[in-house]
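Right, one structure below, let's go through it.
Please treat every number below as a calculation from the coordinates, not as lab data. Fair warning: this is a prediction, and the values are worked out from it, not measured in the lab. Positions of Cβ are backbone-derived with ideal geometry, glycine not excepted, and every protein chain shown enters the neighbour counts.
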Amino acid sequence: MSTSQSPTGVNIKHYAYEDFMGLDTSRPSVAMDTGEEQHFIEMSNAFCDWRGQIVRDPDAVYISGGYPIHHVVFFSKDKVVWAEETGRGVTFRSENNHALEHVHEKGVIISSTVFNRKVMLATRSRPMYSYDGDIFTRITSPSLELIRPAFVISIQRRLIVAGGVGKETEIHASRVDNEYVFPDDEDESSTSVLKASYFDVANLIGTADEITGLGAFESNRLVIFTADKAIIYKIDPDYTKWLLDDNANINIGCVSHNTIQNAGTDVLFCSRSGVHSIKRSEDNGILVYSYSLSDKVKTLYREYLSSVTNPESISAVFNQDTSQYHIYFPLGASTTCRRLTLTMNAELEESVPKYNTGSFLDARCAASLGGRLALGTAGGLYNEVPIEQTIENSVTPSPLVTTPLLWHGSLTDIKETHSIILQASGVGTVHIEAQNERGDVIGTLKIEIDDTTDDNYFNDVPLSQQYERKWQHRYRAAQYRFRIVGGSGLLRITGFAITVRK
């Protein structure tokens, strides 16, 4: 980054910071000053895009409800059904103004899938329900009433459930295209290859472990997660063709079924140690393996995980329009929820993960389909607004970004700064605060960003999005905090620089 504004008669040097890479908690703050590919120690309600810019999180607009929402899922291409928790229990509601009041007690974990154009809603040790856009229906399969599963998924025209009462290692699959017929409902004399069936993975696990989640990999593979590993089965409408995938080697488990999300051809999920992905080897196209995506923020991730009373309450969503994987960590019985977001570079095959956190609206869950991201928050249902748009009555997050200690070269010399330069675009106010290496506040500054007018534009200054302010301080190292307030829509910080007297 360079500037066309050079102070006359002052011998200075620029220390530029750009190509931002998001959070990094794997190194101490004193050892993170890199200039290019600069990481942060705090980044809330903002993310780093594939260009390395700081981008304010999108606005959100209120849709419906007023109670904490714990689960949300699309029942049609543009409408959702959700589970909200009131003082009397859990109620199912939909955007078609249908409700099933107090169907479960408070604190239950709900999983869902779409099968036969209906949403299937499962809860451990409780009956399963479906919703078709008109009515909520209790699924009356006698076999399913005995199983009462915790996890549900649809694959290869079958509804597959697991986590049943007393059946913690069993997988039960419905008859093809029929959610009302499960194994114990079938006629024992039936020879149809499309009938309901089940299998037990207890001896494949090899330990006392239990199933913790189900996922779909590619178009015909069922991923069965336990706490410490994952097993993959090739599934077919013909149950005689079900086959264990011996080419899968996944020795990492999943902590919550609701974190399992498909991202392109991969499967993302949360383990005890971080975020992992299941993918097929690009070298031979046969081996299936898992790899970690969160080594840079492992300390932060484990802190968030330990703050959750029940790990099964953690949920996640993948937004393919923004290539972001949002993880929601609800804090016990309170309405407070923390979010950890992984932003991937859609332009590169081998994406470098960039992380940020968030607390906007205390969102607890989300669902994405057809370009819409529906947020279940502590105060009802919201829609995330496309980041380049501004909508009346929308709510705007307030980002906070904190740098590590910046040394501007020498670790021992005292620096005398002359000015600070910010490259930004959009509408909003950037409040800058700096602390020295001892933690003392040495200066504050406010810069109004507004590129909708001729703000900060002069004929002899070609870069209208460059803001330079006098910044005269002495320190050995400094930590900068950027807080963005006001405005709405897309706001980006491309980089900043500190000019230091030689």
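Taking a spot 7 Å from the Cα of VAL193 along the direction of its beta carbon, which residues of the range 212-240 have an amide N less than 19 Å from it?
Flagged as within label range: 220-222, 233-240.
In whole Å, how far is the Cα centre of the range 25-80 from that of the range 174-253?
After rounding, the separation between the Cα centres reads 35 Å.
Under 16 Å from a label point 7 Å along Cα→Cβ of SER292: give me every residue in the range 252-282 with its amide N that close.
252-255, 269-278
For a bin width of 5 Å, list the pair-distance distribution of the range 1-128 built from all Cα-Cα distances, rounded to whole %.
Histogram of Cα-Cα distances, whole percents per bin: 2, 8, 13, 12, 9, 8, 9, 10, 9, 7, 5, 3, 3, 2, 1, 0.
Apply the Karplus parameterisation 6.51 cos²θ - 1.76 cosθ + 1.60, with θ equal to phi minus 60°, to every residue of the range 279-289 and state each ³J(HN,Hα) to the nearest whole Hz, in sequence, with x for glycine and proline.
8, 8, 4, 7, 7, 10, x, 10, 5, 10, 9
How big is the range 89-146 along each principal axis, measuring the range of its Cα positions in Å and listing the largest first?
Largest to smallest, the principal-axis extents are 31, 28, 16 Å.
Per 0.36 nm of contour for each residue apart, how much would the distance between ASP228 and ARG438 grow if the chain were fully extended, relative to their Cα-Cα spacing?
In short, 71.3 nm is gained.
Could you go through the range 359-364 in sequence order and give the Karplus-derived ³J(HN,Hα) for each residue, using 6.51 cos²θ - 1.76 cosθ + 1.60 with θ = phi - 60°, rounded to whole Hz, and x for Gly and Pro?
Per-residue couplings from phi come out as 9, 4, 6, 6, 4, 10 Hz.
Just to compare against my own numbers: the Cα pair-distance distribution for the chain, 10 Å bins, whole % per bin, please.
Going from the shortest bin to the longest, the percentages are 4, 18, 26, 22, 15, 9, 5, 2, 0, 0.
Rounded if a/c is under 1.5, else prolate if a/b beats b/c, else oblate: with a ≥ b ≥ c from the C-alpha gyration tensor eigenvalues square-rooted, which is the range 228-325?
Prolate shape, in that a/c is at least 1.5 and a/b is the bigger ratio.
Tell me, what HN-Hα J-couplings in whole Hz come from the Karplus equation 6.51 cos²θ - 1.76 cosθ + 1.60 at θ = phi - 60° for each residue of the range 212-223, using x for Gly and Pro?
Per-residue couplings from phi come out as 10, x, 10, x, 10, 10, 6, 9, 9, 10, 9, 9 Hz.
Assuming R0 = 56 Å, can you tell me the calculated FRET efficiency for the pair ASN284 and THR335, based on Cβ-Cβ distance, to the nearest 0.05?
0.70
GluC sites (Glu not before Pro) within the range 307-402: which are DSSP loop residues with at most 10 other Cβ atoms inside 10 Å?
GLU347, GLU349, GLU350, GLU388, GLU392
Taking one equal scatterer on every alpha-carbon of the range 97-240, how large is log10 of I(q)/I(0) by Debye at q = 0.10, 0.12, 0.19, 0.21 1/Å?
-0.32, -0.47, -1.17, -1.39
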